[in-house]
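Working notes, structure below.
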Amino acid sequence: MQIPYELALGWRYTRAGRATRRNGFISFISGVSMLGIALGVAALIIVLSVMNGFQKDVRDRMLSVVSHIEIFAPLGAALPDPALTLAEAKKNPNVIGAAPFVAAQALLARGEDMKGALVRGIDPALEGAVTDLAATNEKTLNLLVPGEFRVVLGGELARALGVRVGDPVTLIAPAGQVTPAGVVPRLKQMTVAGTFDSGHYEYDSALVLLHHEDAQRIFRLEGPTGVRLKLKDLHQAREVAQQLAQSLSGQLLIRDWTQQNRTWFAAVQLEKRMMFIILTLIVAVAAFNLVSTLVMTVTDKRADIAILRTLGASPKSIMGIFVVQGAMVGVIGTLVGLLLGLGIAFNIDVIVPAIERALNASFLPKDIYLISKMPSEPQSSDIVPIAVISLVLAFVATLYPSWRASRVNPAEALRYE
């Protein structure tokens, strides 16, 4: 099959020889443009993959403590019929686990030290069906026996209070009891049965787990305040919550995991969007370097263009030659950038530790960041738009110089040849 001469000439101009100083300089500028596109595309892929990995890692740690969906009664009251709510929730085909819970806030005291705490009363037998934390700390949670008033503390909270397994702590409920001396807060001495570390500081520094029957006695509740659900697909939490809102009986509130941490997820998405825009400008700058490359090529090839025109080449064909030249630079630069970016993104868990050992430094200290390893998760939803935008920018950059080449007058170009 015969290749169109526009494509053959465009590819030949892309591989401009270095026989003369001018051709060598044009080839150098073309190489710089290609390298700039490749580095811009690679940087976009690496940064967005790391941000995706960071978001996934933090989300997984968060969901080890937080359930996919919570159903609870208004104003922190007990559910009117917990058994009915559990049964109706399990009827949804997307729900694979359900467990009752009691949610409240209190103060936890040890000597003179006092910390605010998020108290969660759980059923140890069912909690493993709704959170990964319960599944990985099953032996510890099984120590929560009703009537013995034992608690399991987040690791950071236990360290802040200076308590160990077996130490007593005092739980101070916010609603007091009326006595002749006035309103006195309700105090209950508890025993530390164990600790947990979810990897998420917010919960490790504030969460207190105890048996839901003990929590009901302390906070004077007639039953659980809500039900926690686990879904087949966590990404469908919002849709399932809407379905449950229509199918559940009674005036209940429903909250999915995206609503519980809406601010954090919104901030991450905004940061990711801004990084995409900023790094795309790098690709745009490199792509529009093609304008100067093609302008110089057109100036250098004016005689060749004139000869082609006298041989019968149309302005459209001349324009096509230089569009092919610029597009080739964009395609090669994009492909190199994709290979480089994906190669680093898929092997960042090996590359970053090697750089840290070489520089004797730690990029993610454990005592500062939520994670100690650089995560990475390349997604096609990011990579495809990056490649398309890079190719489109390279193509757009070729239009004006190519149009100028098609407007070259053969008579004027050959006058002094």
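The values are calculated or read from the model by the stated rules, or taken from the named source; none is laboratory data. Everything quoted here is computed from the prediction, not taken from an experiment. FYI the Cβ positions are ideal-geometry reconstructions off the backbone, even for glycines, and counts take in every protein chain you see. With ligands, DNA and RNA removed, areas are computed over all heavy atoms of the protein, side chains included. Shrake-Rupley method; radii C 1.70, N 1.55, O 1.52, S 1.80 Å.
Things to note:
Yes or no, residue by residue, for (1) part of a helix (DSSP H, G or I); (2) under 21 Å from the mean Cα position of the chain (by Cα); (3) modelled with pLDDT of 80 or more:
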position: A327; (1), (2), (3): yes, no, yes
position: V331; (1), (2), (3): yes, no, yes
position: L339; (1), (2), (3): yes, no, yes
position: G343; (1), (2), (3): yes, yes, yes
position: V350; (1), (2), (3): yes, yes, yes
position: R357; (1), (2), (3): yes, no, yes
position: F363; (1), (2), (3): no, yes, no
position: K366; (1), (2), (3): no, yes, no
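- Residue in region 297-318 that is nearest to V50 (Cα to Cα), counting only those that are open to solvent by less than 60 Å² (accessible area, probe 1.4 Å) and of a type in the set (A, V, I, L, M, F, W, C): V298
- The condition of being under 30 Å from L311 (Cβ atoms), modelled with pLDDT of 85 or more and either assigned by the TED database to the domain that holds G337 or exposed (fewer than 13 other Cβ atoms within 10 Å of the Cβ) (or both) does not hold for A405.
- Residues being assigned to a helix (DSSP H, G or I), in contact (Cβ under 8 Å) with a residue 12 or more places away in the chain and more than 10 Å from I29 (Cβ to Cβ) - total across region 296-306: 6
- Residue check: R255 meets all listed conditions (1) over 28 Å from V408 (Cβ atoms); (2) part of a helix (DSSP H, G or I); (3) of a type outside the set (G, A, S) but one, namely (2).
- A266 in a helix (DSSP H, G or I) and at pLDDT 90 or above: no
- When region 248-286 is limited to residues that are open to solvent by less than 70 Å² (accessible area, probe 1.4 Å) and of a type in the set (D, E, K, R), the one that is nearest to the chain's Cα centre (by Cα) turns out to be K272.
- Residue within region 282-291 that is out of contact with any Gly (no Cβ under 8 Å at 6 or more places or on another chain), over 18 Å from S390 (Cα atoms) and in a helix (DSSP H, G or I) present: no
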